[in-house]
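Shown below is the structure under consideration.
The values are calculated or read from the model by the stated rules, or taken from the named source; none is laboratory data. Values in this document were obtained by computation on a predicted structure and should not be read as measured data. Cβ coordinates were reconstructed from backbone atoms using ideal geometry, including for glycine residues, and neighbour counts include every protein chain displayed.
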Amino acid sequence: MPNYTYITNIPASSNNPSADQPNMQINTNSIDDIIEVDHFSFNDNRGGYHKQVNLVDNAGPFPTPAGVGSVLYSGATNNLVFTNASLAGAGVQLTVGAKPPIAAANGSTFLPGGLLLQWGTGVTLAAPPASIGTLTQSFTYAFSTVYSASAIVLVAGSQKTASLSALTNTNITIRVTTSGGTQAPNETVYWMAIGLA
């Protein structure tokens, strides 16, 4: 962002206005230029409305000033952070840096507080050398910590169960078994995992 020049105490009370005219013109132009960075500026029917909001990365957290309900800022790692008086200045992370949401059958999204939710679907393997009746799925984004994961199998007219047989920060392994305890191949499973990004 440019450094806009602004000369304070202009016009000076002891000066002839014509002497201060060049500096007044600098100030006037700087006001228009700086407003136009994020707003529609003068001589526009939308004048004063935001075009966008640019937030410069700051380490924070920032205290909520008296009389202000909430503070929104960009954290030091390109994350959008929110705080208010009830949070006592502690920021709640709203986005997860370089992990954009993916709206798909195998996808992910971020949640407030730096949480990451990932989900997916797949089919249990049918033959060796892979384990029969299992599905190992890599997460799109590795978790720093996984808090919880679950899986289900949807099969009409038969009793089959999906259970987690392995869970790491990078993948999930699901096993499908029949009511008799044998592993079941070729079954579609749906899974979900949540943890810290």
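Kindly evaluate residue 105 against the criterion of being in contact (Cβ under 8 Å) with a residue 40 or more places away in the chain, hydrophobic (A, V, I, L, M, F, W, C) and more than 25 Å from residue 76 (Cβ to Cβ). Break it down into steps so the answer makes sense when it comes.
Numbers: in contact (Cβ under 8 Å) with a residue 40 or more places away in the chain: no; hydrophobic (A, V, I, L, M, F, W, C): yes; more than 25 Å from residue 76 (Cβ to Cβ): yes.
No: the conditions fail for residue 105.
While we're here: Please go through (1) at positive phi; (2) of a type outside the set (A, V, I, L, M, F, W, C); (3) at pLDDT 95 or above for residue 147 and return the number of the only condition it doesn't satisfy.
All conditions pass for residue 147, except number (1).
I would also like to ask the following. With the requirement that a residue be touching an Asp or Glu at 6+ places or on another chain (Cβ under 7 Å), exposed (fewer than 10 other Cβ atoms within 10 Å of the Cβ) and free of Cβ contacts under 8 Å to residues at least 40 places away in the same chain, what does the range 1-56 give you? Don't jump to the end; show me each part of the working.
Within the range 1-56, the first condition is being touching an Asp or Glu at 6+ places or on another chain (Cβ under 7 Å), and the residues that meet it are 4, 10-12, 41-42, 50-54.
With the extra rule that they be exposed (fewer than 10 other Cβ atoms within 10 Å of the Cβ), the set shrinks to 50, 52-54.
50, 52, 53 - these are the residues of the range 1-56 that are touching an Asp or Glu at 6+ places or on another chain (Cβ under 7 Å), exposed (fewer than 10 other Cβ atoms within 10 Å of the Cβ) and free of Cβ contacts under 8 Å to residues at least 40 places away in the same chain.
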